[in-house]
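Following: one structure in structure tokens, then a few remarks.
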Amino acid sequence: VKEYKIAVIAGDGIGPEVIDEGINVLNEMAKMDGEIAFDFTYFPWGCEYYAETGKMMDDDGMEKLKGFDAVYLGAVGFPGVPDHISLWDLLLKIRKGFDQYINIRPITLLNGAPCPLEGVKREEIDMLFIRENSEGEYAGAGDWLFKGKPEEVVLQTGVFSRKGTERVIRYAFEEARKMNKSLTSISKGNALNYSMVFWDQIFDEVSKEYPDVQTYSYLVDAASMLMIKDPKRFEVVVTSNLFGDILTDLGAAIAGGLGLAAGANINPERDYPSMFEPIHGSAPDIAGEGIANPLASIWSASQMFDYFHRPDLGARVLKAIEDVLTEKEYVTPDLGGNASTSEVGARVIHYLKKEPNES
Ligand code: NAD
Ligand code: IPM
Ligand code: MN
């Protein structure tokens with residue numbers, strides 16, 4: 001039996017509610033499979049921890065996380081702590097500190113998931129977003145000059161290194177090649193006359209190494225329109241940190257909503273743990289009510305199986321999610337139902353058990 005050590009940072013708001021269900025699913029899968037096991041260690045970090053200690057995580061937090069095989073995270077950020085503090089001192093600190101420079105966000109309309117678009121066939125929404133996750137607009141560089149004065153100016157610097165840009169684009173080409181899909185780059189070279197001109201140039205350069213991969217390139221404004229009007233154009237997509245953030249919430253909206261959108265923050269070299277999390281936040285508006293949709297965090301858990309070289313188990317979890325969505329009896333209010341978070345989690349496990357050896 002191979003045992004994986006998982007650091008759990010359930011975090012804020014609905015984070016702990018949805019993470020509980022993901023952990024139940026991971027444990028159930030492990031039990032059914034018999035060849036894999038999980039050892040979970042909980043870290044109480046987040047905004048409540050900040051209120052008590054003045055810190056979002058322990059000073060040696062990154063050191064503590066280092067030895068784990070993966071981090072499973074709920075959500076970070078809650079009213080009461082400024083977002084730029086809570087996120088930079090925990091979530092973004094981990095993404096950056098562990099060089100998780102690939103953010104994999106599937107935008108796939110699962111069977112049974114609602115879609116607000118008319119005239120679009122289900123299979124036409126099937127994208128794999130690969131978001132640059134370590135630099136770009138999230139470099140954290142800038143300045144705040146003449147604070148409070150009439151001449152006040154703030155600078156927010158995007159940092160696009162050759163290494164950082166090339167590696168994410170190359171990763172995306174490799175994925176597209178493996179999947180035999182096209183690769184679309186989304187940028188904004190017409191206005192961002194340094195960063196995105198550079199991005200486009202590197203995309204062109206790397207594309208020469210992959211003559212077998214069909215490529216497309218769109219400006220981010222047009223891409224946002226096309227994702228709604230003609231989503232089938234997009235298969236594998238590579239884009240910068242901020243554009244990837246925005247476009248994957250948009251993607252979530254056409255693929256069943258934020259309650260169904262999963263993400264994996266990957267350090268491909270495996271020098272550090274990778275981190276799995278739903279792409280939604282702490283949802284303060286529904287926190288504590290027990291009605292958050294746990295399917296996004298369960299889907300992220302399934303990405304963990306892929307990462308641990310057991311895509312068969314990941315596929316089974318995804319199939320169970322689809323079974324729950326198709327049945328429609330046990331879904332949360334965001335999907336038009338009235339089930340609770342834990343009822344949905346239990347229903348996923350019900351289907352996992354029902355089809356134990358199908359994948
Ligand atoms: P949010 O994703 O928390 O919520 C947006 C809307 O979607 C809300 O109406 C919420 O109720 C709904 N929603 C989100 N997840 C849901 C789920 N699983 N089930 C049902 N409904 C769901 O975004 P926000 O309100 O802009 O941000 C709230 C806080 O979370 C902020 O502090 C923000 O910085 C933080 N945040 C954290 C992460 C993260 O930790 N990865 C991601 C996004 C936002
Ligand atoms: C996400 C979130 C984060 C991001 C925030 C909370 C910093 O929106 O994971 O999509 O912008 O990356
Ligand atoms: Mn986001």
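The values are calculated or read from the model by the stated rules, or taken from the named source; none is laboratory data. What you are looking at is a predicted structure, and each value in this text was computed from that prediction instead of being measured. Cβ: placed from backbone, ideal geometry, glycine included. Neighbour counts: every protein chain shown.
Strands (runs of 3 or more DSSP E) fully within region 204-282 that include at least 2 residues being within 16 Å of ligand 2 (Cβ to nearest atom): 236-239, 262-266, 274-278. On the given criteria, is residue 326 among the hydroxyl-bearing types (Ser, Thr, Tyr) and surrounded by fewer than 20 Cβ atoms within 10 Å (Cβ to Cβ)? Yes: the conditions hold for residue 326. For residue 313, indicate whether it is within 13 Å of residue 111 (Cβ to Cβ) and either within 16 Å of ligand 3 (Cβ to nearest atom) or assigned to a helix (DSSP H, G or I) (or both). Considered against the rule, which asks whether it is within 13 Å of residue 111 (Cβ to Cβ) and either within 16 Å of ligand 3 (Cβ to nearest atom) or assigned to a helix (DSSP H, G or I) (or both), residue 313 comes out as no.
Condition check ((1) within 16 Å of ligand 3 (Cβ to nearest atom); (2) without any contact (Cβ under 8 Å) to a residue 24 or more places away in the chain) across all residues:
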{"position": "125", "(1), (2)": "no, no"}
{"position": "138", "(1), (2)": "yes, no"}
{"position": "148", "(1), (2)": "no, yes"}
{"position": "151", "(1), (2)": "no, yes"}
{"position": "155", "(1), (2)": "no, yes"}
{"position": "159", "(1), (2)": "no, no"}
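Quick test for you: out of 242, 313, pick the one residue that is surrounded by fewer than 21 Cβ atoms within 10 Å (Cβ to Cβ) and more than 12 Å from ligand 1 (Cβ to nearest atom).
242
If the condition is being within 27 Å of the chain's Cα centre (by Cα) and more than 22 Å from residue 96 (Cα to Cα), then region 147-174 contributes 173, 174. Quickly run through region 149-168 and pick out the residues that are of a type in the set (Lys, Arg) and loosely packed, with under 15 Cβ neighbours inside 10 Å. Within region 149-168, 149, 162, 163 qualify.
Regarding residue 301, is this residue within 14 Å of ligand 1 (Cβ to nearest atom), outside any helix (DSSP H, G or I), among the small types (Gly, Ala, Ser) and within 18 Å of residue 16 (Cα to Cα)?
No; evaluated as a whole, the condition is false for this residue.
The residues in region 161-203 that are in contact (Cβ under 8 Å) with a residue 12 or more places away in the chain and part of a helix (DSSP H, G or I) can be counted, and the count is 22. Being more than 16 Å from ligand 2 (Cβ to nearest atom) and either among the aromatic types (Phe, Trp, Tyr) or at pLDDT below 95 (or both) is the filter; apply it to region 49-83 and report the residue that is farthest from residue 261 (Cα to Cα). Ranking the qualifying residues of region 49-83, first place goes to 49. If you go through region 128-135 one residue at a time, do you hit one that is within 16 Å of ligand 3 (Cβ to nearest atom), surrounded by 23 or more Cβ atoms within 10 Å (Cβ to Cβ), among the charged types (D, E, K, R) and in the same structural domain as residue 202 (by TED's automatic domain parsing)? Checked against the condition, which is being within 16 Å of ligand 3 (Cβ to nearest atom), surrounded by 23 or more Cβ atoms within 10 Å (Cβ to Cβ), among the charged types (D, E, K, R) and in the same structural domain as residue 202 (by TED's automatic domain parsing), region 128-135 yields at least one hit.
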